[in-house]
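The values are calculated or read from the model by the stated rules, or taken from the named source; none is laboratory data. None of the values given here were measured: they were computed from a predicted structure. Note that each Cβ is placed from the backbone with ideal geometry, even for glycine, and that neighbours are counted across all protein chains shown.
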Amino acid sequence: MVANVYSSNQNRSAASKLSLVIPVYQEGSHIRSSIGVIEKVLIDNNITHEFILIDDGSKDNTWDEIKKLAENNQYVTSLRLSRNFGKESALCAGLEYADGDIVLVMDADLQHPPQVIPEMVKAWLEEGYDVVEGIKSSRGKEKSLYKLCAKFFYYIIYKTSDINLGKASDFKLMDRKVIEAWKEMPERAIFFRGMTAWLGFDRKQISFDVAERVNGKTKWSFFHLVRLAMNAITSYTSVPLHCITVLGIIMFFGAILLSIQTLYMKLAGKATSGFTTVILLQLIIGSSIMISLGMIGIYLTKIYKEVKSRPRYLISKCIKGRGNLSPNRDSIFEGNKNLPQNRTTF
Ligand code: UDP
Ligand code: MG
């Protein structure tokens with residue numbers, strides 16, 4: 001096969017299998033009923049499916065609940081990560097396990113309405129799209145500060161990379177070839193929405209209203225969001241680094257002008273003590289250097305993390321259908337040899 005040419009598993013048909021990848025974190029109170037709601041929509045619409053549920057190291061009863069689901073339903077595979085790695089890593093684990101002809105990524109709290117799934121599958125099947133993405137027609141109930149921060153964050157991404165993620169969501173259906181292309185992306189720091197936008201392919205957007213969370217509360221604290229935003233911007237664009245260069249050039253011209261003025265004053269014998277100018281210059285130059293160094297530091301940290309090449313996540317338990325497929329402990333290292341580079345199972 002020619003490198004980087006991706007093709008689907010088979011011809012698209014009504015019998016094609018849909019893998020639903022659902023990251024789950026602290027959703028024990030409702031996860032079983034939520035999966036029931038999604039499953040009903042799939043069964044009513046005759047969609048062949050499997051569920052890949054990834055417990056992202058929850059501390060409540062989530063694992064017990066999704067374990068029961070896998071034990072009682074042969075179409076459910078439940079994975080447990082060894083700790084909380086974050087939604088993006090949990091998604092990665094699910095995408096690597098899913099083997100359907102199409103893969104749908106959605107949240108566990110029913111904020112991504114399952115009623116839209118048949119329409120998404122239809123767009124793939126009948127209209128031939130490779131990616132069908134859910135677009136938020138409204139952002140649902142959110143605090144105004146959160147909305148403002150989200151707007152600012154998407155504005156920066158849009159201005160620096162020309163990709164508008166403002167209404168994008170993680171509710172996405174992707175063809176097998178898109179998943180294979182995704183798996184080729186080796187970076188450790190993942191920003192799912194941005195990276196899938198980078199992949200391209202034939203895309204269709206379907207808008208949906210973000211429903212209210214069925215139960216529990218959002219896992220994104222302010223600091224989580226700031227971390228995600230910094231990670232997303234630095235994974236996605238190097239524009240901040242170029243800004244430093246531009247800033248440097250502007251300051252250089254400023255310095256030339258000031259030097260000319262200073263020399264003129266000196267030669268004309270009008271030179272005053274100039275104390276204010278010196279202080280101002282020190283402050284401006286000092287802070288610009290600090291900001292620039294900080295920015296370079298952020299990128300260096302990222303490079304450091306990538307160079308360490310640690311796995312994106314670790315799986316501690318895996319239950320597929322009715323049988324426990326967790327590899328036995330003696331063959332851990334043997335087993336790992338055959339696993340994709342990003343996956344490590346214990
Ligand atoms: N989630 C996860 N790991 C985390 C945080 C969240 O797997 O560390 C999952 C969560 O269970 C849900 C989805 O990611 O299925 C979206 O999370 P949440 O509803 O808290 O985010 P929001 O909808 O408020 O953006
Ligand atoms: Mg949610």
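For this structure, a couple of remarks:
- Qualifying residue in region 91-109 (condition: hydroxyl-bearing (Ser, Thr, Tyr) and over 18 Å from the mean Cα position of the chain (by Cα)): no
- Of all residues in region 122-163 being of a type in the set (Phe, Trp, Tyr) and touching a helix residue (DSSP H, G or I) at 6+ places or on another chain (Cβ under 7 Å), the one that is modelled with the lowest pLDDT: Phe153
- A search for C-beta distances below 7 Å between a residue of region 20-38 that is over 16 Å from Phe51 (Cα atoms) and of a type outside the set (A, V, I, L, M) and any residue that is more than 11 Å from ligand 1 (Cβ to nearest atom) and not in a loop (DSSP other than H, G, I, E, B), counting only pairs 6+ apart in sequence or on different chains, returns Gly28/Glu65.
- Qualifying residue in region 42-49 (condition: away from ligand 2 (no atom under 16 Å from the Cβ) and closer than 28 Å to Ala232 by Cα): no
- Residue within region 190-213 that is surrounded by fewer than 17 Cβ atoms within 10 Å (Cβ to Cβ), within 16 Å of ligand 2 (Cβ to nearest atom), aliphatic (A, V, I, L, M) and assigned to a loop (DSSP other than H, G, I, E, B) present: yes
- One residue from Glu50, Glu65, Glu126, Glu88 being of a type outside the set (A, V, I, L, M, F, W, C), touching a Phe, Trp or Tyr at 6+ places or on another chain (Cβ under 7 Å) and over 23 Å from Val210 (Cβ atoms): Glu50
- Within region 97-112, the set of residues being more than 10 Å from ligand 1 (Cβ to nearest atom) and small (Gly, Ala, Ser) comprises Ala98, Gly100.
- Within region 237-275, tally of residues that are more than 30 Å from Gly194 (Cα to Cα) and of a type outside the set (A, V, I, L, M, F, W, C): 11
- Scan of region 227-242 for residues that are more than 27 Å from Ile31 (Cα to Cα), in contact (Cβ under 8 Å) with a residue 24 or more places away in the chain and either in a helix (DSSP H, G or I) or within 16 Å of ligand 2 (Cβ to nearest atom) (or both), ordered by number: Ala229, Met230, Asn231, Ala232, Ile233, Thr234, Ser235, Tyr236, Val239, Pro240, Leu241
- Residue count for region 39-59, restricted to those that are surrounded by 15 or more Cβ atoms within 10 Å (Cβ to Cβ) and within 12 Å of ligand 1 (Cβ to nearest atom): 6
- Residues located in region 178-204, provided they are among the small types (Gly, Ala, Ser) and under 15 Å from the mean Cα position of the chain (by Cα): Ala189, Gly194, Ala197
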